[in-house]
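Enquirer: Right, I'll just put the structure down here and ask away after.
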Amino acid sequence: MGRGFEHDRLLLDPAEATARALGGRTYREFRIGRGQKDGIVDLLVDWPHLRMVIEAERSAARVLYDVDKARRLQAAVLLIVTSNARASRAIHRKLHRSGVRNRCGGIAIWVKSLGPALQALTNCFSFPTSCSTSNQKVLIPMPSSIEVAAAQRKGPTS
């Protein structure tokens, strides 16, 4: 069911390799339910303490459906990986216009182009904290671009 070189090789392969290197169990093209209309996520990643859905998108056309699929899988994080910053901005706009914020039904939504997406994954699972042991990593939630943009629009708080 692959959707092409850019989708599979350039966007999903590096995300899958990074998630595996960080100890996640990955499932490519994971079917949500039994029916054909239930949908398939591009990449499901399970860690012992977290479930993440990774979707590769080149436009904002299917992004609301991606949010719904992540919600049905009870994922903690939806990472939407894009091929460029323009696509990321378009997806942010669509999410914002539709009322979906960086957290929707308990799901943290990250929209990032490939490089920042890989860096976000690495930062979340390799950031040492005082409560982590040498073998355990603690998930550090990162603010999404929507949160940052909203804070910048509001200006400094006193």
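FYI, it's all coordinate maths here, none of it is from the lab. Please read these numbers as outputs of a predicted model, since none were measured by experiment.
Enquirer: Convert 37 °C to kelvin, take the viscosity as 0.692 mPa s, use the Kirkwood radius over C-alpha pairs of segment 13-74 as Rh, and evaluate the Stokes-Einstein diffusion coefficient in µm²/s, rounded to a whole number. Mind showing how you got there, number by number?
Expert: On the way: Rh = 12.2 Å.
Rounded, D is 270 µm²/s.
Enquirer: Moving on. Rg (Å, one decimal) plus Dmax (Å, integer) for the alpha carbons of segment 50-89?
Expert: 10.2, 29
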